[in-house]
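Please treat every number below as a calculation from the coordinates, not as lab data. Bear in mind that the values here come from a model prediction, so they are computed numbers and not experimental data. Because the Cβ atoms are built from the backbone with ideal geometry, glycine has one as well, and the counts that use them run over all protein chains shown.
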């Protein structure tokens, strides 16, 4: 079951049944995936205009993909543990995925979302 909080966010369907939710308001950006019990492997969260994120309030590790303005990867953090902070000075957006799932989203064009 997906969180009602994520269900209210805009979403982008990608190939292979993948879905990227977009955190577009201040509350959605602040909370991100915090306090959720789990993130299904076929879902991710995109935060635009962002070069730094925290995992305070997270209940599980996640993968973080920092993207530049063109959607190219500038930093990949595998298994970002709860209660940490991460940054990429050249980052323009962050894609948050389940552990081991970042490659799936990048393979089907997850970085393309920045050009929309």
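Show me the strands (runs of 3 or more DSSP E) found entirely inside the chain where at least 3 residues are surrounded by fewer than 17 Cβ atoms within 10 Å (Cβ to Cβ) and touching a strand residue (DSSP E or B) at 6+ places or on another chain (Cβ under 7 Å).
By residue number, 11-13, 73-80, 85-87.
Within 14 Å of the chain's Cα centre (by Cα) and more than 14 Å from residue 18 (Cα to Cα) - does that describe any residue in the stretch 101-112?
no
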